[in-house]
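Here the structure comes first, spelled out in structure tokens, and everything after it is commentary.
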Amino acid sequence: MDLNLHSFSRQLIELRMEHADLNATIDRLAETLEPRDDLLLRRLKKKRLFLRDCIARLERLLEPQEPA
């Protein structure tokens, strides 16, 4: 089993791709939903924020810590 498949760098790439896909989906749904399904849009936006937080956490893990 290749351990690199689940490395932090790999996870970061996958999360960024998922975030971009979700962002495009939200934009498309916001333009085309009639009547607008606000609950669905809120859920998708909440997931997008969660993904952004996960990305930020992984970026902090991958970046070297600077001395204070």
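All of the numbers you see were taken from the coordinates with simple rules; none came from a lab. None of the values given here were measured: they were computed from a predicted structure. With ideal geometry, Cβ positions are generated from the backbone for all residues, glycine too; neighbour counts draw on all protein chains shown.
Dipole size of segment 15-68 about its Cα centre, with +1 on Lys/Arg Cβ and -1 on Asp/Glu Cβ: approximately 220 debye, rounded to the nearest 20. For the chain, the longest principal axis of the Cα atoms and the long axis of helix 38-62 meet at an angle of about 10 degrees. As a length-normalised measure over Cα pairs under 8 Å and 6 or more apart, the relative contact order of segment 3-62 settles at 51 percent. Note on Rg/Rh (Cα atoms, Kirkwood Rh): of the candidates (1) 0.96; (2) 0.91; (3) 1.15, the value calculated from this structure sits at (3).
Calculate how steeply helix 8-32 sits against the longest principal axis of the alpha-carbon atoms of the chain, using the helix alpha-carbon long axis, and give the answer as 0 to 90 degrees to the nearest 10. The answer is roughly 10 degrees.
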